[in-house]
Amino acid sequence: MGPNIRQVMVAAQAAPLTWTWVPILAAGVAGVFALIGIFASLLASRKDRRRELYAEAYRTALAMVEMVYRVRRAGSDNSRDLADRFHQIHEDINFHQGWIETESEHMGRAYRRLILRIHAETKLPIKQGWMALRTSTPEAVQALSGDHPDVTAAKTQFLADVSSHLSLLKRDDLRERYSDREWRRIRGELPNGDGGTFYDPVSI
């Protein structure tokens, strides 16, 4: 014996209620995926912003190496321009140092490490170049033909640090690499940053 009229009416009334959940569920799923997409976009944007910051800071650091060439090849007539360029580089380095530290204390230490190592390699040849600009002795001229500073190791280290910070999987490695304990050790091995306006506070 088939279902009676009352059973059919109850089933008919229940069916629409069941199907009304489908669009609600679909909207909920779409909303979740939209939020995931927004979050992923924000992460990508932040990563791109950091990459640009580190790239510009890296370029500024290497500008100090280029100044060795400029001083060696300059004449006394453009010494004022060279001095202005040095001041600008130091100002840019200080700016990048401070800005990077707002992003990450550990990346701030990595950048300071790069700057001090470059400073150690360029300080003497730049000093010799300035001496050559101010004198005309054979020794001063000879100083202009010295070897170019080798900062390969410093560059490689900083780029590895940047790669670690931009990777969620490697960021803990960077934190360990520049922990307070490790930074005290690294800082003790770095040359004294005692020239120009390089950002090098005494405290860690």
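What residues of segment 81-118 lie in the reach of a label at E52, counting those whose backbone N is under 11 Å from a point 7 Å from the Cα along Cα→Cβ? Inside the label zone: nothing.
As a proxy for reagent exposure, R70, R51, R80 were ordered by neighbouring Cβ count within 10 angstrom, fewest first; the result is R80, R51, R70. Looking at the square roots a ≥ b ≥ c of the eigenvalues of the Cα gyration tensor of segment 59-189, which shape do they give, rounded for a/c under 1.5, prolate if a/b is larger than b/c, or oblate? Prolate shape, in that a/c is at least 1.5 and a/b is the bigger ratio.
Values in this text are rule-based calculations from the coordinates and carry no lab data. Owing to the predicted nature of the structure, the values given are computational and were not obtained by experimental measurement. Virtual Cβ from ideal backbone geometry, glycine too; neighbours counted across all protein chains shown.
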